[in-house]
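So the structure is just underneath, and the comments pick up after that.
No lab work stands behind these numbers, since they all come straight from the coordinates. None of the values given here were measured: they were computed from a predicted structure. Neighbour counts are summed over all protein chains in view; Cβ atoms, including those assigned to glycine, are modelled from backbone coordinates with ideal geometry.
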Amino acid sequence: MKFNASKCKVLTITRKKSPAITDYRLGNVILQRAHQEKDLGIIVKSNLSWDSHIFSIVSKANKML
């Protein structure tokens, strides 16, 4: 299976204040680092807080009203 490196991101999930940050590579390309990512409709943040996900659900519900 081939991966498109421009579409791949690295999301480190931890509650540490200063996590160990390393660069990940796919072939010769260094992957982008993301602080949050939406997967299967759920927004996951690197510190496992749900505020972005809740905000998006509430704003979507308010648009329907």
- Single unsatisfied condition, A20 versus (1) touching a strand residue (DSSP E or B) at 6+ places or on another chain (Cβ under 7 Å); (2) over 22 Å from F3 (Cβ atoms): (1)
- Which of the residues that make up the range 1-40 are closer than 26 Å to S56 by Cβ and of a type in the set (D, E)? E37, D39
- Message: I'm checking my understanding of the structure. Among residues of the range 14-49 that are touching a Lys or Arg at 6+ places or on another chain (Cβ under 8 Å) and in a loop (DSSP other than H, G, I, E, B), which one is surrounded by the most Cβ atoms within 10 Å (Cβ to Cβ)?
- Response: L31
- Any residue at all in the range 51-61 that is assigned to a strand (DSSP E or B), out of contact with any strand residue (DSSP E or B) (no Cβ under 7 Å at 6 or more places or on another chain) and without any contact (Cβ under 8 Å) to a residue 12 or more places away in the chain? no
